[in-house]
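Trainee: One structure is given below, represented as structure tokens, and several questions about it will come after.
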Amino acid sequence: MSLLAALPAAAQSGSRPSTTQGFFPAPDDVAAPPEDARRTESGLAWRLLGEPAERENRPGLLDMVDVRYTGWATDGRLFDTTERDRKPRRLPVSGFIAGFEEAVLLLSEGESGRFWVPPELAYPKSALDKPQGMLVFDVTLVEIIRGPERPASLEPPEDAKRLDSGLAWVVLREGDPGGQPPGDEATVLVEYSSWSRSGDLYDSTKHRGEPRALTMDQMIEGLRRSFKTMVPGERRLVWIPPELATFSGQAAFEDTVVFDLELLSYMLPPVAPANISSIPDDAERSETGLAWKVTKAGTGTVRPAPGDRVKILYALWAQNQLFDSSYAHASPGTFTLDDRMPEGFNEGLFGMVAGERRFFWIPEELAYRGQKDRPPGLLVFEIELLSIESGGVGEAAETPLNAMPDE
């Protein structure tokens, strides 16, 4: 029986009452399920709280869920609740104790229920720091984050491509015909799910809700070899033997691991300009002191205005070293041009059009001006403007650039 550390992480052994007990009183029927409660074959008792969902939309074992819950022992003692944080908790369905897992699978998205979990579906006696006996949960299923679809077969087919190393794969979707594979210096942006040969899900970007950026030295050897023969847009089902499932010489998996891989894109490290400590003599300058060089002409005709959102590829050098870049995230950054951004950053973008690339030298009086935890002195940016979205001043800036002001 699996135990989820976060559920209930706050539970303690003994009879000491919770300090928040008064805020989350136990229901009147906490001691035992009422006669009209539904019962499953496993012994779980439950009833809906409120109206049923308009349409059935239940999670599966491979999904993640956002849930609100409160748990009590049958004597009314509170042992855990998400309501302390006043927000749902995101958890894997298959990571719960058996009774809670079954409870979540009974709910449709948006529904709430009360569940009486018998001891055999709760915590084993060996879990000394967990509450024992029957447990009672009020659960609301807020949202389902769908997991990956398990491959039809977890064994390589006869027509799979194979190498002497034991690496095998089948191409599920061809990539860019003119694309080139990433090299050792690349950061790749990928979607992936990984499985054991028996069908257990190890990990998936589907649960994260977004792709993952990885450098070639952040992955097991079998993945590195796979990506070095893929092109952007390509998707493969890959079988990696344990001999190639190593990281820094250590075994990461004891048996063959199956990956569903999609290479979305990759980026190469930025190359610093010759002048990163001072403004070059041949740079163009504005009256404010901002300096720049155009390294690629743009194709657009519209320039950003205050409050617009811009999508850019960027690199930032400060104090003669690379401080941050979209290379580190393997994807562009999106920013709102408002007073939360350095003055010189905004001024520079206001002069660009889509498709244009420039180096900027931003003097300190147009940069962070001594702000805490921000780089002092001259800032050097390389920026390629990808797109402009009109917006009002004050919209939130999505800032993966860690040098930029926090919201």
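Trainee: Give region 53-78 a look and list any residue that's hydroxyl-bearing (Ser, Thr, Tyr) and not in a strand (DSSP E or B), or say none.
Mentor: THR74
Trainee: Can you go through GLU356, GLU364, GLU384 and tell me which one is within 14 Å of GLN319 (Cα to Cα) and either under 29 Å from the mean Cα position of the chain (by Cα) or in the same structural domain as ARG309 (by TED's automatic domain parsing) (or both)?
Mentor: Of the residues listed, the single one that is within 14 Å of GLN319 (Cα to Cα) and either under 29 Å from the mean Cα position of the chain (by Cα) or in the same structural domain as ARG309 (by TED's automatic domain parsing) (or both) is GLU364.
Trainee: Name the pairs: first residue in region 271-290 and touching a residue at least 12 places away in the same chain (Cβ under 8 Å), second residue in a loop (DSSP other than H, G, I, E, B), Cβ to Cβ under 7 Å, at least 6 apart or on different chains?
Mentor: ILE276/ASN320; SER277/ASN320; GLY289/PRO363
Trainee: Further question: Pick out the one residue from GLY113, GLY147, GLY133, GLY166 that is outside any loop (DSSP other than H, G, I, E, B) and either over 20 Å from LEU223 (Cα atoms) or not hydrophobic (A, V, I, L, M, F, W, C) (or both).
Mentor: After ruling out the rest, the residue left standing is GLY113.
Trainee: So in region 192-204, with the set limited to residues that are surrounded by fewer than 17 Cβ atoms within 10 Å (Cβ to Cβ) and either of a type in the set (Val, Ile, Thr) or outside any loop (DSSP other than H, G, I, E, B) (or both), which one is nearest to the chain's Cα centre (by Cα)?
Mentor: Keep residues of region 192-204 that are surrounded by fewer than 17 Cβ atoms within 10 Å (Cβ to Cβ), which gives 196-200, 202-203.
Restricting the remaining residues to those that are either of a type in the set (Val, Ile, Thr) or outside any loop (DSSP other than H, G, I, E, B) (or both) gives 196, 202-203.
On the way: SER196: 22, TYR202: 15, ASP203: 12 Å.
Among them, the one singled out is ASP203.
Trainee: Here are the criteria: (1) outside the structural domain of ASP217 (by TED's automatic domain parsing); (2) surrounded by 18 or more Cβ atoms within 10 Å (Cβ to Cβ). Tell me which single one THR295 does not satisfy.
Mentor: (2)
Trainee: While we're on this one: Quick check on LEU379: is it surrounded by 15 or more Cβ atoms within 10 Å (Cβ to Cβ) and either over 27 Å from the mean Cα position of the chain (by Cα) or at pLDDT 90 or above (or both)?
Mentor: yes
Trainee: Continuing with this model, one more query. Take region 48-78 and flag every residue that is basic (Lys, Arg) and either surrounded by fewer than 13 Cβ atoms within 10 Å (Cβ to Cβ) or within 28 Å of the chain's Cα centre (by Cα) (or both).
Mentor: The answer is ARG55, ARG58, ARG68.
Trainee: Counting residues that are in contact with an Asp or Glu (Cβ under 6 Å, 6 or more places away or on another chain), which strands (runs of 3 or more DSSP E) fully inside region 320-397 reach at least 1?
Mentor: Answer list for region 320-397: 333-336, 357-362, 379-389.
Trainee: Of the residues that sit in region 241-264 and are modelled with pLDDT of 90 or more and assigned to a loop (DSSP other than H, G, I, E, B), which one is surrounded by the fewest Cβ atoms within 10 Å (Cβ to Cβ)?
Mentor: ASP255
Residues checked against (1) part of a loop (DSSP other than H, G, I, E, B); (2) under 30 Å from LEU201 (Cβ atoms); (3) at pLDDT 90 or above:
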site	(1), (2), (3)
MET230	yes, yes, yes
ARG236	no, yes, yes
TRP239	no, yes, yes
TYR266	no, yes, no
ALA272	yes, no, no
ILE279	yes, no, yes
THR295	no, no, yes
GLY298	yes, no, yes
PRO304	yes, no, yes
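Trainee: For region 306-319, name all the residues that are in a strand (DSSP E or B) and either free of Cβ contacts under 8 Å to residues at least 60 places away in the same chain or under 14 Å from GLU382 (Cβ atoms) (or both).
Mentor: ILE312, LEU313, TYR314, ALA315, LEU316, TRP317, ALA318
Trainee: Okay, next question. Can you work out which of the residues in region 79-94 that are part of a strand (DSSP E or B) and within 26 Å of the chain's Cα centre (by Cα) is farthest from ASP28 (Cα to Cα)?
Mentor: PRO92
Trainee: Being surrounded by 13 or more Cβ atoms within 10 Å (Cβ to Cβ), modelled with pLDDT under 95, under 28 Å from the mean Cα position of the chain (by Cα) and outside any loop (DSSP other than H, G, I, E, B) narrows it down to one residue among LEU141, LEU154, LEU172, LEU189; which is it?
Mentor: LEU189
Trainee: Run down GLY43, GLY22, GLY50 and say which single residue is modelled with pLDDT of 50 or more, within 13 Å of GLY99 (Cα to Cα) and either out of contact with any Lys or Arg (no Cβ under 6 Å at 6 or more places or on another chain) or not assigned by TED's automatic domain parsing to the domain that holds LEU78 (or both).
Mentor: Matching residue, one of GLY43, GLY22, GLY50: GLY43.
Trainee: Continuing with this model, one more query. Against the definition (touching a Ser or Thr at 6+ places or on another chain (Cβ under 7 Å), modelled with pLDDT under 95 and crowded, with 18+ Cβ neighbours inside 10 Å), how does GLY147 come out, yes or no? Lay out the reasoning, then the answer.
Mentor: Values: touching a Ser or Thr at 6+ places or on another chain (Cβ under 7 Å): yes; modelled with pLDDT under 95: yes; crowded, with 18+ Cβ neighbours inside 10 Å: yes.
Against the criterion (touching a Ser or Thr at 6+ places or on another chain (Cβ under 7 Å), modelled with pLDDT under 95 and crowded, with 18+ Cβ neighbours inside 10 Å), GLY147 qualifies.
The values are calculated or read from the model by the stated rules, or taken from the named source; none is laboratory data. Since the model is a prediction, treat every value here as computed from it, not as a measurement. Neighbour counts are summed over all protein chains in view; Cβ atoms, including those assigned to glycine, are modelled from backbone coordinates with ideal geometry.
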